[in-house]
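Before I ask anything, let me first share the structure, which is written out below as structure tokens.
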Amino acid sequence: MNPYSRSPGSRRGLSNWLPNWLPGVLLATLLLGAASPPLAADEIRVAVASNFRQAMAAAAQRFEEDSGHEVALIPGSTGKHYAQIRNGAPYDAFFAADADKPRRLEEERRIVPGSRFTYAIGQLVLWSVDPDLVDPAGKVLKSDRFRHLAIANPGLAPYGAAARSVLQALGLWDALTPKLVRGEDIGQAFQFVFSGNAELGFVARSQLEALGREFAGSSWQPPQALYPPIEQQAVLLRDSPAGRAFITFMQGEDVRAIVRAYGYDSP
């Protein structure tokens, strides 16, 4: 007779027919499952323009707290990041200092379709640590009161290209070229001025006004008519749930508030 066909009233239940070792194995499996750690959170690698480094760090921290994912930030010049991405750099997302490089990557079909968006609009400022050097109209550029003028590399950094546009619009590019100290990105240009290696320089407004903490010194903000708008765009390079969640998060109102707090205009 088949032992599994015994009636419910039988004194011999199903457990009597199981191997003696099986209950122990089942118990061990359950205990191991309970003790196993949860799956590790995903890490996303984000190439970010140097000017947006601090604001991105604040946004990434909030995203990590909300999502459990981890964000690794790789700051640098937009031109350099673009070249690295074309050469296969393993970035998941790219937050550029302009709209041109993300647009090119979209045209080259190197991004997740539909992921390109504007996350911030930057402003250019002529700045000096000397409180008496830069006048409210920027006339110091036409004077002989400085030996070095710092700018980001116009060929790599959008803020450098914007600085060149300002000087060209003022008719000063050729005259001031011998005085230029070029940083690889806007972060280096800022350091040249901050350290005193250049008496003044073109920096990002966000570097001076992060969270309302204005640096000492003097400054002039060139009219927008003197240079193209610095529209900063981002793209998703590798499709993943964590990457999509991050891109969605970066378009939310909480991040727009962070963008404004760090001295940018929000889109």
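The values are calculated or read from the model by the stated rules, or taken from the named source; none is laboratory data. Owing to the predicted nature of the structure, the values given are computational and were not obtained by experimental measurement. Glycine also receives a Cβ, built like all others from the backbone with ideal geometry; neighbour counts cover every protein chain displayed. Just so you know, the surface numbers come from the protein's heavy atoms only, side chains and all, with ligands and any DNA or RNA stripped out. Shrake-Rupley method; radii C 1.70, N 1.55, O 1.52, S 1.80 Å.
Within region 156-179, is even one residue open to solvent by 50 Å² or more (accessible area, probe 1.4 Å) and within 25 Å of the chain's Cα centre (by Cα)?
Yes; the residues of region 156-179 include at least one that is open to solvent by 50 Å² or more (accessible area, probe 1.4 Å) and within 25 Å of the chain's Cα centre (by Cα).
While we're looking at this one, here's another question. Consider region 71-97. How many of its residues are within 20 Å of Ser115 (Cα to Cα), over 12 Å from the mean Cα position of the chain (by Cα) and not small (Gly, Ala, Ser)?
Of the residues in region 71-97, 5 are within 20 Å of Ser115 (Cα to Cα), over 12 Å from the mean Cα position of the chain (by Cα) and not small (Gly, Ala, Ser).
In addition: Just the residues that are of a type outside the set (Phe, Trp, Tyr) and either outside any strand (DSSP E or B) or surrounded by fewer than 21 Cβ atoms within 10 Å (Cβ to Cβ) (or both), please, taken from region 226-238.
Leu226, Pro228, Pro229, Glu231, Leu237, Arg238, listed by residue number.
Condition check ((1) touching a strand residue (DSSP E or B) at 6+ places or on another chain (Cβ under 8 Å); (2) more than 16 Å from Ser240 (Cβ to Cβ); (3) open to solvent by less than 20 Å² (accessible area, probe 1.4 Å); (4) not aromatic (Phe, Trp, Tyr)) across all residues:
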{"site": "Glu43", "(1), (2), (3), (4)": "yes, no, no, yes"}
{"site": "Val48", "(1), (2), (3), (4)": "yes, yes, yes, yes"}
{"site": "Tyr91", "(1), (2), (3), (4)": "yes, no, yes, no"}
{"site": "Phe94", "(1), (2), (3), (4)": "yes, no, yes, no"}
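Same structure, new question: Could you list all residues from region 199-220 that are assigned to a loop (DSSP other than H, G, I, E, B) and open to solvent by 70 Å² or more (accessible area, probe 1.4 Å)?
Arg213, Glu214, Phe215, Ala216
Now for a different question. Is it fair to say Pro223 is open to solvent by 10 Å² or more (accessible area, probe 1.4 Å) and within 19 Å of the chain's Cα centre (by Cα)?
So Pro223 fails the test.
Which one of these does Thr248 not meet: (1) buried (at least 20 other Cβ atoms within 10 Å of the Cβ); (2) among the β-branched types (Val, Ile, Thr); (3) under 16 Å from the mean Cα position of the chain (by Cα)?
With respect to (1) buried (at least 20 other Cβ atoms within 10 Å of the Cβ); (2) among the β-branched types (Val, Ile, Thr); (3) under 16 Å from the mean Cα position of the chain (by Cα), Thr248 is out only on (1).
Go over the candidates Asp130, Asp144 one by one and state the one that is touching a strand residue (DSSP E or B) at 6+ places or on another chain (Cβ under 7 Å) and open to solvent by 10 Å² or more (accessible area, probe 1.4 Å).
Being touching a strand residue (DSSP E or B) at 6+ places or on another chain (Cβ under 7 Å) and open to solvent by 10 Å² or more (accessible area, probe 1.4 Å) holds for just one of Asp130, Asp144, which is Asp130.
Do the conditions hold for Ala93, that is, is it among the aliphatic types (A, V, I, L, M) and under 20 Å from Gly263 (Cα atoms)?
no
In region 37-122, which strands (runs of 3 or more DSSP E) lie fully inside it and hold 1 or more residues that are touching a residue at least 24 places away in the same chain (Cβ under 8 Å), of a type in the set (A, V, I, L, M) and within 17 Å of Ile186 (Cα to Cα)?
Those strands (runs of 3 or more DSSP E) span 43-49, 70-76, 117-122.
Filter region 251-267 for residues that are touching a residue at least 40 places away in the same chain (Cβ under 8 Å) and either in a helix (DSSP H, G or I) or crowded, with 21+ Cβ neighbours inside 10 Å (or both) and give the result.
Asp254, Val255, Ile258, Val259, Ala261, Tyr262, Gly263, Tyr264
List the helices (runs of 4 or more DSSP H) inside region 148-198, counting only whole elements, that have at least 3 residues being touching a helix residue (DSSP H, G or I) at 6+ places or on another chain (Cβ under 8 Å) and within 14 Å of Ala97 (Cβ to Cβ).
The helices (runs of 4 or more DSSP H) meeting that bar are 158-169, 186-195.
Which residue is farthest from the chain's Cα centre (by Cα), if the candidates are limited to region 127-145 and must be in contact (Cβ under 8 Å) with a residue 24 or more places away in the chain and within 15 Å of Trp173 (Cα to Cα)?
The selected residue is Lys142.
Which of (1) modelled with pLDDT under 95; (2) in contact with a helix residue (DSSP H, G or I) (Cβ under 9 Å, 6 or more places away or on another chain) does Arg213 not meet, given it meets every other one?
Evaluating Arg213 over (1) modelled with pLDDT under 95; (2) in contact with a helix residue (DSSP H, G or I) (Cβ under 9 Å, 6 or more places away or on another chain) leaves (2) as the failure.
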